[in-house]
Amino acid sequence: MFTAQAATTWLTKFGDAIATNKAYLSDLDTPIGDGDHGNNMARGMTAVQAALATQTDADLTTVFKTVAMALISKVGGASGPLYGTAFLEMAKASKAGTTDLPTLLAAALAGIEKRGGAQAGDKTMLDVWVPVVAAVQADKLDATVIATAVDSTKPMIAKKGRASYLGERAIGHLDPGAVSSGYLFTALLETEAQ
Ligand code: ADP
Ligand code: MG
Ligand code: MG
């Protein structure tokens, strides 16, 4: 059972990782995008952390919904609605009665796929989400799964997002949204280890 408290811990840790790596994420977005991914995510996660800090007794659905709304309203950029949709779908799934983490994450992944129209191999955050959610479902998520998924974006040509305008020039660069998603799932591993 995934609790509201675990979700709050998870997303607070994710916010800390985003704040620490804000400049790095924007640097990754500079050669293959517009250099704002770290700033976008930091703006959103600062709002998430502020909102969560005021909600000490919230249930799981409320936590996910709060996160979704903060990300959708504050991030801007492609990543805001995509991460926002992920948390909105988790809010919906938890409201429908599930507290099972693999089921929640599968709903989030389906939401990102539907919203962005991308698939694994397109050099986006989905190149992390797809293998990580499969690993969670198989109860095999570890740091290596995450690192391998993030690194897999480096040789890819992008099919979606700003990096897709670059064609072969995107080769050799990590996808910034894949890296931030790596932080999201590292924070989840750290939460589960507690
Ligand atoms: P923007 O590109 O609007 O400046 P960000 O820089 O915040 O937005 O986010 C860029 C990231 O969003 C990319 O690195 C990629 O991982 C992700 N992304 C962009 N388009 C899509 C999409 N259609 N599906 C999934 N992820 C996407
Ligand atoms: Mg950008
Ligand atoms: Mg932008």
### Task
Report yes if some residue within the range 136-153 is of a type in the set (Lys, Arg) and not in a loop (DSSP other than H, G, I, E, B); otherwise report no.
no
### Task
Among the candidates GLY121, GLY116, single out the residue that is more than 12 Å from the chain's Cα centre (by Cα), within 16 Å of ligand 3 (Cβ to nearest atom) and closer than 16 Å to ASP175 by Cβ.
GLY116
## Note on the structure
Given (1) part of a loop (DSSP other than H, G, I, E, B); (2) in contact with a Ser or Thr (Cβ under 8 Å, 6 or more places away or on another chain), GLY97 misses just (2)
#### Entry: Of residues in the range 154-172 being without any contact (Cβ under 8 Å) to a residue 40 or more places away in the chain and more than 10 Å from ILE32 (Cβ to Cβ), the one surrounded by the most Cβ atoms within 10 Å (Cβ to Cβ)
MET156
#### Entry: Output for the range 32-55, where each listed residue is within 14 Å of ligand 3 (Cβ to nearest atom) and either in contact with an Asp or Glu (Cβ under 6 Å, 6 or more places away or on another chain) or more than 17 Å from ALA86 (Cβ to Cβ) (or both)
ILE32, GLY33, ASP34, GLY35, ASP36, HIS37, GLY38, ASN39, ALA42, ARG43
### Message
As an exercise: evaluate MET69 against (1) away from ligand 1 (no atom under 16 Å from the Cβ); (2) under 25 Å from ILE171 (Cα atoms) and give the number of the one condition it does not meet.
### Response
(2)
### Query
Within the bounds of the range 98-117, is there any residue that is closer than 30 Å to PRO155 by Cβ, among the β-branched types (Val, Ile, Thr) and within 16 Å of ligand 2 (Cβ to nearest atom)?
no
### Task
Give the residues of the range 173-194 that are part of a helix (DSSP H, G or I) and surrounded by fewer than 21 Cβ atoms within 10 Å (Cβ to Cβ), sorted by residue number.
THR186, ALA187, LEU189, GLU190, THR191, GLU192
#### Entry: Every residue from the range 27-86 that is buried (at least 23 other Cβ atoms within 10 Å of the Cβ) and among the acidic types (Asp, Glu)
ASP29
### Task
Check off (1) touching a residue at least 60 places away in the same chain (Cβ under 8 Å); (2) within 14 Å of ligand 3 (Cβ to nearest atom) for THR9 and give me the number that stays unchecked.
(2)
### Summary
Here, helices (runs of 4 or more DSSP H) confined to the range 1-86 with at least 1 residues that are more than 16 Å from ligand 2 (Cβ to nearest atom) are 4-20, 37-53, 60-74
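Laboratory data are not the source of any read-out in this text; all were calculated from the coordinates shown. Computed from a predicted model, the values in this text were never measured in an experiment. Every residue, glycine among them, receives a Cβ derived from its backbone with ideal geometry; neighbour counts consider all protein chains shown.
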